[in-house]
Amino acid sequence: MATSSVAPHDPAASRGISRQTQSDIYRAGISGQLPSVPTDPDRLAEAARKTLNPQAYAYIAGSAGGQHTAAANRAAFDRWQVWPRPLRDVAERDLSTTFLGTTRPHPLLLAPLGVMEMAHPEADLAVARAAASMGASYTISNQASAPLEKIAQAAPDAPRMFQLYWSASDELNASLLARAEASGCEAIVVTVDTHLLGWRTRDLDLAYLPFTRGMGIAQYTSDPVFQQLVRDRVRVASEAPAAAEKVRITPQTIAAGVSIARHGAAVTGSRNLRENLRSPLPRTAVETFLDVFSTPSLTWNDLARARRWTTLPIIVKGIVHPDDAQQAIDSGVDGIWVSNHGGRQVDRSVPTLDVLPSIVETVNKRVPVVFDSGIRGGADVAIALALGADMVALGRPYAYGLALDGEEGVRSVIRHTLAELDITLGLAGLTAIDQLDHGALRQQ
Ligand code: FNR
């Protein structure tokens, strides 16, 4: 994986971003060049589908059950319309905003997406560099394909957060948060909607979960506490060997074994594939991960422990009920992230945009509100901001950009989204992000 660093984002670059982006695209068109990353969201997803293998596309695009929540997330945007207002001098527009006490060039951040190696070999490193070059805060996933230290090194000066899945081992949780703090993360995002893995029919029908191939567990295999858990498990197994489970050897079994061995380098300390194939550690790392990954017994009272593990601000991701937003604030969190995981957890869930206004009302500016699930373009960002979100997170679209053109592809998706946001703001007769409110919208 390449680890070149990036030029820091020039905040002024967000000003006039729409004009520059349109101009670049139309100029290239004169010599017959079309955008390698489509600007139309449906065509973007379709282009990525053609590039990705069926398992990767299913994993990224798929949602729970009959995919109703993902559709409902989008349909919720149809209930709001931007209300254009002409003749208001919008020549100078400013997308900047403040989040966690720091001025940001714009209100867009990148949601945590696990297993991005399925989209591109440079995975999270490419995403981190693209985010940095566009001034977008990047949320490093607990299920990333590279250790968080390496992701931080890819864009050392850029703002980043670390997303935690609360594992069954508190020692591991504490270790991950200490690493995040040491790697310059500015906040911890605790995702609380994945205490059970959703019923993801597209993955189930392909019988494919990337973690069982050793993918997306780099934060774990690079962690000293996790490595100890793996060694302990190997020791216990060697003291009381269980009857070997019969596994049918197929080309797929062999491919899975090689994938696990390749990803197991972090726990064996060896890059030798043959050695890793023979070692019990890589396979045991996958088993240990599957055991510790989720904590269905977690309660609000447990959340307080995170405070002991970090001095960083804590944002709770996966809130869709105003009472839970209140509970989160009572628990002392520093931010609320409204999300239904892009519909990947509960089929027939409430769409996030529908519940955003009541959550914003409950939060009443006490802490910042981040929004995601269903954002596909700049007009969607404008609507979420107008309904009270302080920051808006992009999910699947940037994974599609990554699949199409690596770092450049992610950059294009961010750029297109910001360009459309800038244009929407101006055509709504506004010149600053904080002017976006209910007055800019009409409800259907
Ligand atoms: C996710 N999401 C997610 N969330 C999280 O907290 N940690 C994670 O590791 C992941 N991984 C992940 C992988 C993939 C492939 C997807 C599509 C999503 C959820 C993500 O952060 C965000 O909430 C959703 O992507 C928002 O929905 P849309 O806008 O992408 O549909």
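Just wondering, is there one or more residues in the range 315-324 that are without any contact (Cβ under 8 Å) to a residue 12 or more places away in the chain and in contact with a strand residue (DSSP E or B) (Cβ under 9 Å, 6 or more places away or on another chain)?
yes
Considering (1) crowded, with 24+ Cβ neighbours inside 10 Å; (2) in a loop (DSSP other than H, G, I, E, B); (3) acidic (Asp, Glu), say which one residue 124 fails and leave the rest.
(2)
Counting only residues that are of a type in the set (A, V, I, L, M) and assigned to a strand (DSSP E or B), how many does the range 329-356 have?
2
Is it the case, given these coordinates, that residue 38 is in contact with a strand residue (DSSP E or B) (Cβ under 6 Å, 6 or more places away or on another chain), in a loop (DSSP other than H, G, I, E, B) and either free of Cβ contacts under 8 Å to residues at least 60 places away in the same chain or within 15 Å of the ligand (Cβ to nearest atom) (or both)?
no
Of the residues that make up the range 226-235, is at least one under 19 Å from the mean Cα position of the chain (by Cα) and not in a loop (DSSP other than H, G, I, E, B)?
The answer is no, given that none of the residues of the range 226-235 is under 19 Å from the mean Cα position of the chain (by Cα) and not in a loop (DSSP other than H, G, I, E, B).
Can you report the number of residues in the range 266-304 which are in a helix (DSSP H, G or I) and closer than 19 Å to residue 114 by Cα?
9
Here is a list: 425, 402, 418. Which entry is touching a residue at least 60 places away in the same chain (Cβ under 8 Å), away from the ligand (no atom under 12 Å from the Cβ) and touching a Gly at 6+ places or on another chain (Cβ under 8 Å)?
418 is the lone residue from the list that is touching a residue at least 60 places away in the same chain (Cβ under 8 Å), away from the ligand (no atom under 12 Å from the Cβ) and touching a Gly at 6+ places or on another chain (Cβ under 8 Å).
Among the listed residues 421, 427, identify the single one that is over 25 Å from the mean Cα position of the chain (by Cα) and in the same structural domain as residue 80 (by TED's automatic domain parsing).
After ruling out the rest, the residue left standing is 427.
Go through the residues of the range 188-201 one by one and say whether even a single one is in a helix (DSSP H, G or I), within 15 Å of the ligand (Cβ to nearest atom) and at pLDDT 95 or above.
Among the residues of the range 188-201, at least one is in a helix (DSSP H, G or I), within 15 Å of the ligand (Cβ to nearest atom) and at pLDDT 95 or above, which makes the answer yes.
One line per residue, one yes/no per condition, for (1) at pLDDT 95 or above; (2) away from the ligand (no atom under 16 Å from the Cβ):
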position	(1), (2)
230	yes, yes
233	yes, yes
241	no, yes
249	no, yes
281	yes, yes
304	no, yes
309	yes, yes
312	yes, yes
315	yes, no
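I need the full set of residues from the range 367-382 which are more than 7 Å from the ligand (Cβ to nearest atom), of a type in the set (A, V, I, L, M, F, W, C) and part of a loop (DSSP other than H, G, I, E, B), in order please.
367
Across the range 159-186, what is the total count of residues that are out of contact with any strand residue (DSSP E or B) (no Cβ under 7 Å at 6 or more places or on another chain), in a loop (DSSP other than H, G, I, E, B) and in contact (Cβ under 8 Å) with a residue 60 or more places away in the chain?
Result for the range 159-186: 3.
Output the number of residues of the range 10-28 satisfying the condition of being surrounded by 15 or more Cβ atoms within 10 Å (Cβ to Cβ) and either modelled with pLDDT under 95 or on the phi > 0 side of the Ramachandran plot (or both).
Selection size over the range 10-28: 5.
Being closer than 30 Å to residue 172 by Cβ and either of a type in the set (Phe, Trp, Tyr) or assigned by TED's automatic domain parsing to the domain that holds residue 373 (or both) is true for just one of 125, 87. Which residue is that?
Residue meeting the stated conditions: 125.
For (1) within 16 Å of the ligand (Cβ to nearest atom); (2) within 18 Å of residue 436 (Cα to Cα); (3) assigned to a helix (DSSP H, G or I), each residue gets a yes or a no:
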| position | (1), (2), (3) |
| --- | --- |
| 45 | yes, no, yes |
| 50 | no, no, yes |
| 59 | yes, no, yes |
| 64 | yes, no, no |
| 75 | yes, no, yes |
| 84 | no, yes, no |
| 88 | no, yes, no |
| 91 | no, yes, no |
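Taking the condition of being under 23 Å from the mean Cα position of the chain (by Cα), in a helix (DSSP H, G or I) and surrounded by fewer than 22 Cβ atoms within 10 Å (Cβ to Cβ), how many residues in the range 316-328 meet it?
The qualifying residues number 2.
Keeping to the range 96-121, report how many residues are in a loop (DSSP other than H, G, I, E, B), away from the ligand (no atom under 12 Å from the Cβ) and either of a type in the set (Val, Ile, Thr) or surrounded by fewer than 22 Cβ atoms within 10 Å (Cβ to Cβ) (or both).
5
Residues that are more than 13 Å from the ligand (Cβ to nearest atom), in a strand (DSSP E or B) and among the charged types (D, E, K, R): does the range 137-153 have at least one?
Looking through the range 137-153, none of the residues is more than 13 Å from the ligand (Cβ to nearest atom), in a strand (DSSP E or B) and among the charged types (D, E, K, R).
Residue 406 passes all but one of (1) outside any helix (DSSP H, G or I); (2) buried (at least 21 other Cβ atoms within 10 Å of the Cβ); which number fails?
Residue 406 satisfies all of (1) outside any helix (DSSP H, G or I); (2) buried (at least 21 other Cβ atoms within 10 Å of the Cβ) except (1).
Taking the range 409-444 only, how many residues are of a type in the set (Gly, Ala, Ser) and crowded, with 24+ Cβ neighbours inside 10 Å?
Number of matching residues: 2.
The values are calculated or read from the model by the stated rules, or taken from the named source; none is laboratory data. The structure presented is a predicted model; accordingly, all values stated were derived computationally and were not measured. Don't worry about glycine lacking a Cβ; one is built from the backbone with ideal geometry, like all the others, and counts go over all protein chains shown.
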